[in-house]
Amino acid sequence: AETFDIADEYLFCDDLLVAPFYDFENDTREIYLPEGEWVDYFTGEKVQSGHFTYTSENIPVFRKIV
C-alpha cells in the first residue's frame, strides 16, 4: 500500500532501487525506501527504510543489504 502511488521510483530485482529526478527546477525530491536496510550506491552511506528528502548531488540509487 505504501508504494501504490509512487510512479517515479524503480526497483530492479530485489535489491536495487533508482529514484531519478524528473523535476529539474527542484534540487530535492521525496524518496521512499521499502522495509529493510539500504546503502547509497555512490557514497556507501547506510540508509534506513522510510520516507526522506534527497538532494540532486547524485542520482538516487540504493542497494538493499541482504
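The values are calculated or read from the model by the stated rules, or taken from the named source; none is laboratory data. Since we're looking at a predicted model, the values are computed, not measured. Please note: Cβ atoms are built from the backbone with ideal geometry, for glycine as well, and neighbour counts cover all protein chains shown. Calculation scope for accessible area: heavy atoms of the full protein, side chains included, ligands and nucleic acids excluded. Shrake-Rupley method; radii C 1.70, N 1.55, O 1.52, S 1.80 Å.
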Out of everything in region 41-50 that is within 23 Å of Asp5 (Cα to Cα) and either at pLDDT 90 or above or in contact with a Phe, Trp or Tyr (Cβ under 6 Å, 6 or more places away or on another chain) (or both), what residue ends up being surrounded by the fewest Cβ atoms within 10 Å (Cβ to Cβ)?
Gly50
Which members of region 1-29 meet the condition of being within 16 Å of Val61 (Cβ to Cβ), open to solvent by 80 Å² or more (accessible area, probe 1.4 Å) and among the acidic types (Asp, Glu)?
Asp14
If a residue counts only when it is basic (Lys, Arg) and more than 16 Å from Asp14 (Cα to Cα), which strands (runs of 3 or more DSSP E) contained entirely in region 25-66 have at least 1 such residues?
28-40, 46-55
Six or more apart or on different chains, Cβ under 7 Å: which pairs go from a residue in region 43-66 that's without any contact (Cβ under 8 Å) to a residue 24 or more places away in the chain to one that's open to solvent by 80 Å² or more (accessible area, probe 1.4 Å) and aromatic (Phe, Trp, Tyr)? Could you list them?
Asn58/Phe42
Does region 1-48 hold any residues that are within 9 Å of the chain's Cα centre (by Cα) and among the hydroxyl-bearing types (Ser, Thr, Tyr), and which are they?
Tyr10, Tyr32
